Amino acid sequence: MGIQRAVVLLSGGLDSATCLALASKDYEVHALTFDYGSKHSREIDAAKAIAAHFDAKSHRILKVDLAVIGGSSLTEDTIPIKKAGSVDEIGQTIPNTYVPARNMTFLSLGMALAEVVGASKLFIGANSVDYSGYPDCRSEFIEAFQRAAELGTKTGVKGQPIKIETPLLKLSKAQIIAKGSELGVPFHLTWTCYKGGEKACGKCEACQLRLAGFREAGIDDPVRYEN
């Protein structure tokens with residue numbers, strides 16, 4: 001049996017870092033990070049450090065400027081990133097941090113890389129429990145995309161489809177953090193805050209979900225916060 005390869009979509013956050021750690025146990029990992037036109041580059045810097053930490057076989061950074069399309073507070077300067085309300089309210093509506101078709105775009109390009117490097121798996125750290133309500137993080141979307149990829153790729157039509165792996169999909173943020181801790185994920189290298197900067201803001205939805213997860217897991221968050 002030859003080398004088993006996997007492509008991991010690596011954003012630089014704690015979910016994708018945990019995905020990379022999981023994949024690294026059984027596969028030769030090829031990490032893929034997207035420079036999608038976000039207002040800051042902290043996640044890209046984090047992704048570089050995480051890929052190096054886990055000794056990924058390769059790490060590509062692909063520029064896909066979704067800011068040209070706009071429609072999200074993460075890519076448009078004219079749309080402010082809102083402070084989060086209570087953690088319990090997060091996910092009840094789709095927030096303005098939703099980037100139109102982001103995961104659809106990322107999975108498509110991840111499939112392309114998987115075909116090229118001969119990977120049998122494509123890992124994405126999508127989560128549908130403690131998340132911001134994005135429609136492209138749900139199992140229904142992943143299942144539909146899997147079927148589309150089987151119909152629209154060479155590997156798929158030859159009967160060797162690349163399997164999308166979502167090991168974190170049904171885990172709470174606390175469970176993801178606990179799993180990451182077991183796997184030795186360097187949480188101090190990860191970046192979650194929507195706003196960037198020298199320190200995480202502690203107020204956006206991403207920061208609030210992260211902080212609540214670390215509290216529930218009983219683990220100290222090593223990232224520095226303004227608040």
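Please treat every number below as a calculation from the coordinates, not as lab data. This one's a predicted model, so the numbers in the text were calculated from it and none came from an experiment. Don't worry about glycine lacking a Cβ; one is built from the backbone with ideal geometry, like all the others, and counts go over all protein chains shown.
Table: residues versus (1) among the polar types (S, T, N, Q); (2) out of contact with any strand residue (DSSP E or B) (no Cβ under 9 Å at 6 or more places or on another chain).
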position: ALA31; (1), (2): no, no
position: SER72; (1), (2): yes, yes
position: THR93; (1), (2): yes, yes
position: ASN103; (1), (2): yes, no
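If you go through the stretch 35-57 one residue at a time, how many are touching a Lys or Arg at 6+ places or on another chain (Cβ under 8 Å) and part of a loop (DSSP other than H, G, I, E, B)?
Qualifying residue count for the region: 4.
Among the residues of the stretch 171-179, is any under 22 Å from ALA46 (Cα atoms), more than 19 Å from the chain's Cα centre (by Cα) and without any contact (Cβ under 8 Å) to a residue 60 or more places away in the chain?
No; the residues of the stretch 171-179 include none that is under 22 Å from ALA46 (Cα atoms), more than 19 Å from the chain's Cα centre (by Cα) and without any contact (Cβ under 8 Å) to a residue 60 or more places away in the chain.
Within the stretch 171-191, how many residues turn out to be in a helix (DSSP H, G or I), surrounded by fewer than 17 Cβ atoms within 10 Å (Cβ to Cβ) and of a type in the set (Gly, Ala, Ser)?
1
Considering only residues that are in a helix (DSSP H, G or I) and within 19 Å of GLY12 (Cα to Cα), which ones fall in the stretch 213-227?
Residues satisfying the conditions are GLY213, PHE214.
Taking the condition of being within 18 Å of VAL8 (Cβ to Cβ), assigned to a helix (DSSP H, G or I) and over 17 Å from the mean Cα position of the chain (by Cα), how many residues in the stretch 126-170 meet it?
So the count comes out to 3.
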